[in-house]
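Structure first, then comments.
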Amino acid sequence: MKGKIYLLPSPLSEQNISVIPEHSKTIAQQIDIFLAENERSCRRYLRKIGIMTEFDENNMRVLDKKSTDEMLLDYIALAKSGSNLGVVSEAGCPCVADPGGRFVRFAHKENLIVKPLVGPSSILLALMASGFSGQRFAFHGYLNVKKDRRKKDIGKLEFQSKRFGQTQIFMETPYRNLHLFEDILEVCSNETQLCLAVDLTDVEERIQTLSISEWKKREIPSINKKPTIFLIQA
């Protein structure tokens with residue numbers, strides 16, 4: 001019998017393991033081999049949810065953006081031989097702004113059963129709390145790292161939001177958050193709404209929605225090196 005592919009969410013904050021439902025923890029006990037974006041943090045997480053086995057190459061492998069097709073096919077072969085595999089992201093839901101999506105495509109091609117488990121998604125939590133449209137929205141992942149191209153991207157997203165009534169959601173590597181924030185204030189019109197969702201599910205969680213003109217009047221928010229989701233609605 002073929003094994004299954006489980007998509008096991010991880011906490012957004014290591015300090016708040018309670019966001020992982022008991023059902024997901026129970027299913028995790030049935031997983032034979034974990035495919036981890038980061039092995040070290042994955043081991044810490046799994047021990048916190050009660051999986052106390054000794055981890056080695058027999059029950060944990062790397063699945064990140066550098067994983068080759070050959071590696072993914074090796075993992076598929078393990079599932080086809082009967083092992084249950086668990087894809088674990090560095091934080092949040094696997095395969096969303098995460099390299100696990102490539103592996104899942106391979107799994108579907110081989111007619112393997114893929115089962116997503118319940119857990120925290122920073123994208124949906126931010127959208128829920130933003131006050132913006134939850135009927136029409138688009139997630140764009142990371143914008144361009146080059147300032148000029150990033151500013152053009154922001155302008156396009158604001159235009160799309162205004163034209164289609166669509167919430168635009170994106171993110172940045174935490175140490176570049178302030179650069180992105182400054183570009184948004186420079187590019188977007190004063191009436192456009194910007195939501196910052198910072199440290200979601202952590203004890204220091206902060207979510208605030210203001211117009212661009214209001215953000216310009218305030219002190220620079222404390223978002224440097226903090227996981228942040230950016231949302232705009234024009």
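Points to keep in mind about this one:
- Meets criteria (among the hydroxyl-bearing types (S, T, Y), under 19 Å from L210 (Cβ atoms), part of a helix (DSSP H, G or I) and touching a strand residue (DSSP E or B) at 6+ places or on another chain (Cβ under 8 Å)) for S161: yes
- Options I33, I51: the member that is surrounded by 15 or more Cβ atoms within 10 Å (Cβ to Cβ), farther than 26 Å from G141 by Cβ and free of Cβ contacts under 8 Å to residues at least 24 places away in the same chain: I51
- Flag for G141 being touching a strand residue (DSSP E or B) at 6+ places or on another chain (Cβ under 9 Å), at pLDDT below 95 and outside any loop (DSSP other than H, G, I, E, B): yes
- Lone unmet requirement of (1) in contact with a strand residue (DSSP E or B) (Cβ under 6 Å, 6 or more places away or on another chain); (2) within 25 Å of T173 (Cβ to Cβ) for I33: (2)
- Positions within region 8-30 being surrounded by fewer than 15 Cβ atoms within 10 Å (Cβ to Cβ) and either in a loop (DSSP other than H, G, I, E, B) or not β-branched (V, I, T) (or both), in sequence order: E14, Q15, S18, P21, E22, H23, Q29, Q30
- Of all residues in region 115-157, those that are touching a Lys or Arg at 6+ places or on another chain (Cβ under 8 Å) and buried (at least 17 other Cβ atoms within 10 Å of the Cβ) total 1.
- Region 1-20 residues that are in the same structural domain as L78 (by TED's automatic domain parsing), paired with ones that are among the polar types (S, T, N, Q) and assigned to a strand (DSSP E or B) (beta carbon under 9 Å, 6 or more apart): I20/S10
- Extreme residue, surrounded by the most Cβ atoms within 10 Å (Cβ to Cβ), among residues of region 88-114 that are in contact with a Pro (Cβ under 9 Å, 6 or more places away or on another chain) and β-branched (V, I, T): V88
- Of the residues making up region 51-65, those that are out of contact with any Asp or Glu (no Cβ under 7 Å at 6 or more places or on another chain), farther than 12 Å from F103 by Cα and not hydroxyl-bearing (S, T, Y) are I51, M52, E54, F55, D56, E57, N58, R61.
- Scan of region 70-87 for residues that are under 13 Å from F103 (Cβ atoms) and surrounded by 10 or more Cβ atoms within 10 Å (Cβ to Cβ), ordered by number: M71, L72, L73, D74, Y75, I76, A77, L78, A79, L85, G86, V87
- Test: residue in region 124-133 that is under 15 Å from the mean Cα position of the chain (by Cα) and at pLDDT below 95: no
- Restricting T53, T26 to those that are over 22 Å from the mean Cα position of the chain (by Cα) and within 14 Å of G119 (Cα to Cα) reduces the list to T26.
- Failed item, numbered, when Q168 is tested on (1) under 17 Å from the mean Cα position of the chain (by Cα); (2) over 18 Å from A91 (Cα atoms); (3) surrounded by fewer than 21 Cβ atoms within 10 Å (Cβ to Cβ): (3)
Here's the yes/no breakdown for (1) of a type in the set (A, V, I, L, M); (2) under 22 Å from D202 (Cα atoms):
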position: Q15; (1), (2): no, yes
position: I27; (1), (2): yes, no
position: Y45; (1), (2): no, yes
position: D64; (1), (2): no, no
position: M71; (1), (2): yes, no
position: I76; (1), (2): yes, no
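The values are calculated or read from the model by the stated rules, or taken from the named source; none is laboratory data. On a predicted model such as this, the values are computed, not experimentally measured, just so you know. When we count neighbours, we look across all protein chains shown, and the Cβ atoms used for this are built from the backbone with ideal geometry, even at glycine.
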